[in-house]
Amino acid sequence: MESFENPDTKELISRCQAGENRAFDELVDLYASRCYGYFYRLTRNTDVSHDLLSELFVKIVEKMGSFKGGSFEKWLFTIAGNLFHDYLRGRYRQKKMLETKARELQDEPLPRRTNTDLSDQLQMFLAKLDEDTLEVILMRFYGDMSFKELSEIRNEPIGTTLSKVHRGLKKLRELMGESGD
Amino acid sequence: MTENPEKMKELLGSFLDPESALKAVEDMDRGLDLLQSHPAPAPDPERIAAIKRDIQSRIGCIRRRQPISVWIGWSACAAAVLLVVAHYSPFFRPSRIPLKQGVEIVNLTPWTIDTEPLLSGIPSNSEDIHNDSLKTNSDFDSPNPIETLEQELKMLASTDDFWKG
């Protein structure tokens, strides 16, 4: 896996905190693909992923002053994870509303996800994982985070996080026809 | 930052036996390789440009907001300093003398009126009232009360229609 570590990140963050316009452009260039990939793999929807990405950077700009050091990736992906949960809550409310309406309109089928790139085989198999496992795997991959950081973000024992990632990735390999044995 | 393979083995070794830990590390590495070999689509460059524009406008807003917040902060400090100065300054300190003077004024004011002429007239007035009273009631002190009663009865008899309405 490509290392996302950037020696200039610390300096870049300092420039952002100083309010340098160009620094924020560089920050977007550095993290947009990873964050978009994270959102896309979770939502399977390009429009939603772009919207979440936009919201994420707006939040980053607003909260940059409150970043007190440590792992920037952990901070960034904690915000990204919170945004995804907000999106899920909104979708749940929307789903409830649509279900009520659907009952009124005699069981109109509810489109679960739209705009899915079905040509992406991996996306299809990722959809078979439960959302909690998928989220922690994607945070590990796109956020380049250690299990300690993941367990801290998720507020669960490190063994639980390890087990989820291990079982999830193993299942993914099986689904894609890789036995590994 | 993710753990290196050695750290991973050590970490998993605290939950699994060494052989299982090694296999779990391989499972995870190969699983993550799948994600690596199937990259997610890249974000739309136009959307990225829009995000950058949005960020620039927001930075501008934050900068515009900053002087106001600084001004509010300085105003609050100035107000606090003024309050402290006012509290300790003799110009603003409330004096205790007026309260004492007030008490004296309240006590003295009624006695500054010259009441002597009024008071001196009271005994003579009361004497007059007393005399009038004695004069009015003098009939009750008549030497012949029966005669008085008869006279009254005669008066009533001469005007006996008073009860007829």
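Would you point out the residue of the range A:40-66, among those that are in contact with a Cys (Cβ under 7 Å, 6 or more places away or on another chain) and surrounded by 22 or more Cβ atoms within 10 Å (Cβ to Cβ), that is nearest to B:Asp44 (Cα to Cα)?
So, considering only residues that are in contact with a Cys (Cβ under 7 Å, 6 or more places away or on another chain) and surrounded by 22 or more Cβ atoms within 10 Å (Cβ to Cβ), the one nearest to B:Asp44 (Cα to Cα) is A:Leu53.
Of the residues B:Leu22, B:Leu16, which single one is more than 7 Å from chain A (Cβ to nearest Cβ) and assigned to a loop (DSSP other than H, G, I, E, B)?
The conditions single out B:Leu16.
Please find, within the range B:137-165, the residue that is surrounded by the most Cβ atoms within 10 Å (Cβ to Cβ) out of those that are at pLDDT below 65 and not in a loop (DSSP other than H, G, I, E, B).
So, considering only residues that are at pLDDT below 65 and not in a loop (DSSP other than H, G, I, E, B), the one surrounded by the most Cβ atoms within 10 Å (Cβ to Cβ) is B:Asp139.
Does B:Lys9 qualify as being touching a residue at least 12 places away in the same chain (Cβ under 8 Å), surrounded by 10 or more Cβ atoms within 10 Å (Cβ to Cβ) and in a helix (DSSP H, G or I)?
Considered against the rule, which asks whether it is touching a residue at least 12 places away in the same chain (Cβ under 8 Å), surrounded by 10 or more Cβ atoms within 10 Å (Cβ to Cβ) and in a helix (DSSP H, G or I), B:Lys9 comes out as yes.
The values are calculated or read from the model by the stated rules, or taken from the named source; none is laboratory data. Everything numeric here is computed off the predicted structure, so don't read it as measured data. No Cβ is skipped: glycine too gets one built from the backbone with ideal geometry, and neighbour counts run over all protein chains shown.
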